[in-house]
1. Residues in region 194-220, backbone N under 20 Å from the label point at Met1 (7 Å along the Cα-to-beta-carbon vector): list them, ranges by number please.
2. Rank Gly15, Gly57, Gly194 by mean-square fluctuation in a GNM of the chain with C-alpha springs under 10 angstrom and give only the top-ranked residue.
3. Accessible area per residue of region 80-141 at 1.4 Å probe, in Å²?
4. Going from most exposed to least, what order do Tyr169, Tyr71, Tyr234 have by accessible area with a 1.4 Å probe?
5. Region 186-239: Rg/Rh from Cα coordinates, Kirkwood Rh?
6. Given R₀ = 41 Å, what would the calculated FRET efficiency be for Ala113 paired with Val31, taking r from the Cβ atoms and rounding to 0.05?
7. Determine, from the Cβ-Cβ distance of Val178 and Lys59 and an R0 of 35 Å, the FRET efficiency 1/(1 + (r/R0)^6), rounded to the nearest 0.05.
8. Which percent of the accessible heavy-atom area of region 52-156 goes to carbon and sulfur, probe 1.4 angstrom?
Amino acid sequence: MLINIDVHTHSIASGHGSAATIADMARAAAVRQLKALCITDHGPSTVGSAKESYFRGLKSVPRRRFGVQLYLGCEVNISDFTGHLDLSDEILSALDFNIASLHPQNIRPGTAAQNTSALIRAMENPYIHLIGHPDDEKYPLDYKALVEAARATHTLLELNRASLAPGGYRGDARSKDVLLLHWCAIFNQPVVLGSDSHGVDNIGKFRECLELIREVEFPEELVLNRNVEEMFRYCEAKK
Ligand SMILES: [Zn+2]
Ligand SMILES: [Zn+2]
């Protein structure tokens, strides 16, 4: 399967794990023969991450570098079970691609019903395109309800490399991803692969994700990283 876009990466603006600039990230994506790259730095409530003004300023950054199309946005933090986010709609609406995720630093894990409700409320936001790593063992989820809501709101769901790679810090993410893919196949819901690379090292690396997709015989046509236009068409339908 040919992967043309990495939908989840972090630059120096996330404040941890990397000193890579947007240009460094784009160059690495070009070397790995990606057509497009989403740079999704952590929202302002992550300790050390960029402030609101950084995300506002992204509008003046060139969107094509080294032959790679850039989609600049945010991995927004969900801060409560009603789906509050740490960037305003006004800022989110001006960005190209936004992920909403649950992180222990920002929200204490709840019951499966509470965690699922937080993600569903985030998906109802028209400027959230993707739910990041819905496979964290710390946040149990109702996968059937999650996938049904993703379908209804035209929101993408992520198969996250960092969760599956050796040394992953989201517990037994693999068994959660098997459930996620199971319900996505049943409801014809697309997924996208995100490396969650902090810096250049893991941009475009999806070995563990592709192995799992093959193993569970997940339909290739539901993996939207193969076709950048189709992926953004799916998100456009939110509006
Ligand atoms: Zn995350
Ligand atoms: Zn991330």
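1. Only 194-197, 202-220 fall inside the zone, counting backbone N under 20 Å.
2. Gly57
3. Solvent-accessible surface per residue comes out at 37 Å².
4. So, going from the largest accessible area down, we get Tyr169, Tyr71, Tyr234.
5. Details: Rg = 12.6 Å, Rh = 12.5 Å.
Computed over Cα atoms, the ratio is 1.01.
6. 0.40
7. The calculated FRET efficiency here is 0.30.
8. Working: 2190 of 4220 Å².
The nonpolar share, carbon plus sulfur, comes to 52 percent.
The values are calculated or read from the model by the stated rules, or taken from the named source; none is laboratory data. Everything quoted here is computed from the prediction, not taken from an experiment. A quick note on method: Cβ atoms are made from the backbone with ideal geometry, for glycine too, and the neighbour counts reach across all protein chains shown. The protein model used for the area step is the full one, side chains on, heavy atoms only, and it has no ligands, DNA or RNA in it. Shrake-Rupley method; radii C 1.70, N 1.55, O 1.52, S 1.80 Å.
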